[in-house]
Amino acid sequence: FLNALDGILIHQDEIEGVIAHSMCGATLLESDHVCLHGKPIILVAPVLKYWENLFGTVEASGYSMKLFHAVVEDVGKRYNTTIESIDPFEKLAQRQSPITIVHDRGDKFAPFSVSELATEFSHVSLVATEGLGHGRVLKSDPLKEAFLRIADKA
């Protein structure tokens, strides 16, 4: 995902900001592409504790954890990284640009509590929604309003 994102960004002269949903938010935070520096970001239902969330989801699904660990190790060797080195929450802390998180309190995939914790950083604001879950939040008025607030500042 990170290679794909950076591959797209390298062809952009300039961007005004970025909106990312779920694991794409984790990917975005991992990117250090120069065109992202200082740009506003909206994270929608972000997975900020990426590898903990991933392992928990796979374990809860009933898939073989032994097989999953083998796949993760193989992918890590192929891309010269470890899954534990991916830390979107830490990368969120390091960013200086304004970040708005729009997240539903009842999200069953990405824990809302982690988004709440992210508000300890002065550049992060949280817009909480109710009853939209992980996907419907994408079509919500609170997300549109967050976008318009950023667009008005541009």
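Where a number appears in this text, it was derived from the coordinates with a stated rule and is not lab data. All figures in this text were calculated on a predicted structure; none of them were measured in a lab. When we count neighbours, we look across all protein chains shown, and the Cβ atoms used for this are built from the backbone with ideal geometry, even at glycine.
Computed over the chain, the per-residue total of -39500 (n - 2.57) for DSSP H runs of n ≥ 4 gives a 222 nm mean residue ellipticity of -13500 deg cm²/dmol, rounded to 500.
Pairs from the list K39/K77; K108/K144; K49/K153 with a Cα-Cα gap above 26 Å: K39/K77; K49/K153. According to the square roots a ≥ b ≥ c of the eigenvalues of the Cα gyration tensor, what is the shape class of the range 70-154, taking rounded for a/c under 1.5, prolate for a/b larger than b/c otherwise, and oblate for the remainder? Cα axes put the range 70-154 in the prolate bin.
A Gaussian network model of the chain, with springs between Cα atoms under 10 Å, assigns the largest mean-square fluctuation among V102, V71, V137 to V71.
Under the simplified labelling scheme, the E59-A151 pair shows an inter-label distance of 4.2 nm, with each label point 7 Å from Cα along Cα→Cβ. Separation of the range 20-41 and the range 82-154 by C-alpha centroid, Å? Spelled out, the Cα-based centre of one part sits 12 Å from the other. Pick from R136, R95, R78: which residue has the top mean-square fluctuation in a GNM of the chain where Cα pairs under 10 Å get a spring? Maximum fluctuation in the GNM of the chain, among the listed residues, is at R78.
Once the chain from E73 to E130 is taken as fully extended at 0.36 nm per residue, the excess over their C-alpha distance is 16.8 nm.
The longest part of the chain holding none of the exposed loop chymotrypsin sites (Phe, Trp or Tyr not before Pro), meaning those outside H, G, I, E and B in DSSP with at most 16 other Cβ atoms within 10 Å, is 2-62.
In this structure, I15 and S85 have a Cβ-Cβ separation that, at R0 = 25 Å, corresponds to a calculated FRET efficiency of about 0.45.
Looking only at D141, D74, D87, which one moves most when the chain is put into a Gaussian network model with springs between Cα atoms under 10 Å? Per the Cα network of the chain with a 10 Å cutoff, D74 tops the list. Binning the C-alpha pair distances of the range 1-67 at 5 Å intervals from 0 yields a P(r) profile of 4, 16, 23, 20, 14, 10, 7, 5, 2 %, listed from the shortest bin outward. Classified by the C-alpha gyration tensor, the range 115-154 has an oblate form. Its axis ratio a/c, with a ≥ b ≥ c, is 1.5 or above, and a/b does not exceed b/c. The alpha carbon gyration tensor of the range 11-154 gives principal lengths a ≥ b ≥ c with a/c of 1.5 or higher and a/b no greater than b/c, which makes the shape oblate.
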